[in-house]
Amino acid sequence: MYKNKIIALVILIIFSSLIVSNFVLAQTTPNAPNIPSTSNTPSTTTGTKTSTATLTNPLSVSTPGALIGNIIKTLMGVVGVVAVLMIVWGGVMYMTSAGSDEKIGTAKKIITGAIIGLVISILAYVIIDFVIKAIGG
C-alpha cells in the first residue's frame, strides 16, 4: 500500500510539473527595436559619454494584486488537477477491489475526500474573489 502511494505521488509530481511549468527560452524577438528609454531609467556618466540602462519588468503584470490573482489561478489549476487525479485513483481502486470491503471503503474515502477538497477550494476562491472585489481591487 505504501509503495502504491509513493508511485502515485511521483506520477502526480511529474504530471503537474509538465502542466504547470512555463518554459523560459533564451532568445530575443527578431524584429524588436533596441531603443533605450530615457524616462525612469538610471544613467551613469563616464567622462563625456552617458550610458542609459533600461529596466524592464520581468513579470507579465504591473500590480501586486494582478500578481496575487495569477498565483491564485495557478494554484486553483493545480488543485483541480490533483482532485481529478485523486478521483481517478479512487475509481481505479474501486474497480480493482475485487469485492474486498476494505478496498471499496478506502476507494470511497479517497473519492469523497477529493470531491470535498475540490468544493472547499472552489468556495475559498469564491470568497477571496468576493472580498477582493468588495475592497475595490
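The numbers here are math on the coordinates, done by the rules we state, and not lab data. Just so it is clear, the model here is predicted, and its values are computed rather than measured.
Set the bar at 23 Å for Cα to Cα. Now go through K5/K73; K5/K109; K73/K103; K3/K109; K5/K103 and name every pair that lies beyond it. Please report the intermediate quantities before stating the final value.
On the way: K5/K73 27 Å; K5/K109 15 Å; K73/K103 35 Å; K3/K109 19 Å; K5/K103 14 Å.
In this structure, K5/K73; K73/K103 exceed 23 Å between Cα atoms.
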* Which whole-number percentage describes the relative contact order of region 61-137, with Cα contacts under 8 Å and a sequence gap of 6 or more? -> 33 percent
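Report the gain in length on full extension from M76 to K133: 0.36 nm times residue separation, minus Cα-Cα distance, nm rounded to one decimal.
Values: separation 57, 0.36 × 57 = 20.52 nm, distance 1.83 nm.
Contour length minus the Cα-Cα distance gives 18.7 nm.
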